[in-house]
Amino acid sequence: MHFENTHILLGVTGGIAAYKTPDLVRKLTAKGATVRVVLTDSAKEFVSPLALQAVSGHPVSNDLLDKDAEAAMGHIELAKWADKLLIAPATANFIAKLTHGLADDLLSTLCLATDAPIYIAPAMNQQMWHAKATQANLTTLSQRDVTFFGPAQGEQACGDVGPGRMLEPQDLADLLLPQKSPLLLKGQKVTITAGPTREEIDPVRYISNHSSGKMGYALARAAKELGADVTLVSGPVTLPPPADINTVKVNSAKQMLDAVMSTIKDCNIFIACAAVADYRVQQKVDQKIKKSDDELTLTFVKNPDILKEVAHLSSPPFTVGFAAETQNLKEYALGKLQRKKLNMIAANDVSDSKIGFNSEQNALTVFWPKGELKLEVADKQLLAKKLMLLVEQRYTEQK
Ligand code: PMT
């Protein structure tokens, strides 16, 4: 019960997942928080205000122009009261309104009137999630420090399968009100690579992959929460740099290697989460390649293996690799653990489109010389916490 003095304003918008919000209120109040709920008009079609009033113990607000509600706690007071504003579920429509700063109902007005941090648990059809407009809105809001929890992948109310399910109430409560981590890595320097690399072919073309950086950025935040001094070496991604973390942006594998090596002398733990391109073109062409021939042949050469170079240093840090595999997960991961002389490896089954590259969730099986542990599918931030605790445990045992 760390959160007795925390005021949560929960905004509920009109999606089918709204039926889960009484449970969400229970999970938040179980952690000690005080919760007040604001419903949009369409949310009332999916969940009863009375149920939310009963579980939160406070009247539920809905109308911007309600004289009685304004007399009790006006919208500006409510906006000032909140320590955190969570919108769950958040529809595509509401996310669009928020992006454009509309204030045509109580909830959108509160979003503008509050200086509390805003957290969003999106819930929508997978096609609406993938729509260019929605994705552009997410990028804009992320740049304004709005935090997104989820969505999860899976079967949807409409029968589609894909990203767009609201995270489960317990996961949302744990993400919004995380247990205070003991500062187990205080005084330790941790370097983490994240995202893809880009290998240029000519001035306008490159080869790369689908890594979004989400897993590596989540690990950087989790290491920071444990008190570590973190350097994040990031390939080109659209995520904003995490607060209070030294983030070095690079493009190519060679640049990533240089940036990592410049931190490694006094680094205690190195985690290679980046999806580094294994090859680059032998000779980058200075001018744009013209399409004069029917065929184009490019020669690729191997990139340096950053993880291997770090693990083979004369006094290497505690070194953790990732293994993105589409088959023979255990065999290939154990092969990399031994060949690259790693302390640990986190195997990622990237044949499953619900997890891994560019999704909100992931699942890992972690191997070390005498053990293994399965970390079940979860939001990347929750999973990163579990992995960092495991890394810390093994690192401390080996010291
Ligand atoms: O970024 P997200 O969208 O969140 O997705 C996360 C992820 C799927 C990218 C991540 O969880 C993951 O699996 N990262 C490793 C991807 C990868 O390149 O795996 P690999 O099996 O090809 O490489 C093995 C290890 O060697 C990795 O730790 C990699 O960082 C490292 N490596 C590989 C090649 C190279 N030239 N240098 C390296 O350091």
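Read-outs: derived from the displayed coordinates by stated rules, not from any lab. Since this is a predicted model, take the numbers as computed values, not measurements. Please note: Cβ atoms are built from the backbone with ideal geometry, for glycine as well, and neighbour counts cover all protein chains shown.
Side notes on the structure shown:
- Taking the DSSP beta bridges with both ends in region 189-292, the antiparallel portion is around 15 percent.
- Using a simple spin-label model with pseudo-atoms 7 Å out from Cα toward Cβ, Glu77 and Asp244 lie 3.3 nm apart.
- The convex hull of the Cα atoms of region 7-176, projected and averaged over all directions, covers 8.8 nm².
- Diffusion constant of the chain at 37 °C, which comes from Stokes-Einstein with the Kirkwood Cα-pair radius and 0.692 mPa s, µm²/s: 144 µm²/s
- Pairwise Lys count, region 7-176 - Cα closer than 18 Å, eight or more residues apart or different chains: 5
- Environment charge at Leu176 (Cβ cut-off 12 Å; Lys +1, Arg +1, Asp -1, Glu -1): -1
- Of the peptides 287-298, 268-279, 241-252, the order by per-residue mean of other Cβ atoms within 10 Å, starting with the highest, comes out as 268-279, 241-252, 287-298.
- Percent of beta bridges antiparallel (DSSP, the chain, rounded to nearest 5): 30 percent
- Positive-end ranking of Ala69, Ala133, Val38 along the dipole of the chain, with charges on Cβ about the Cα centre, is headed by Ala133.
- The DSSP beta bridges internal to region 7-176 are antiparallel in roughly 20% of cases.
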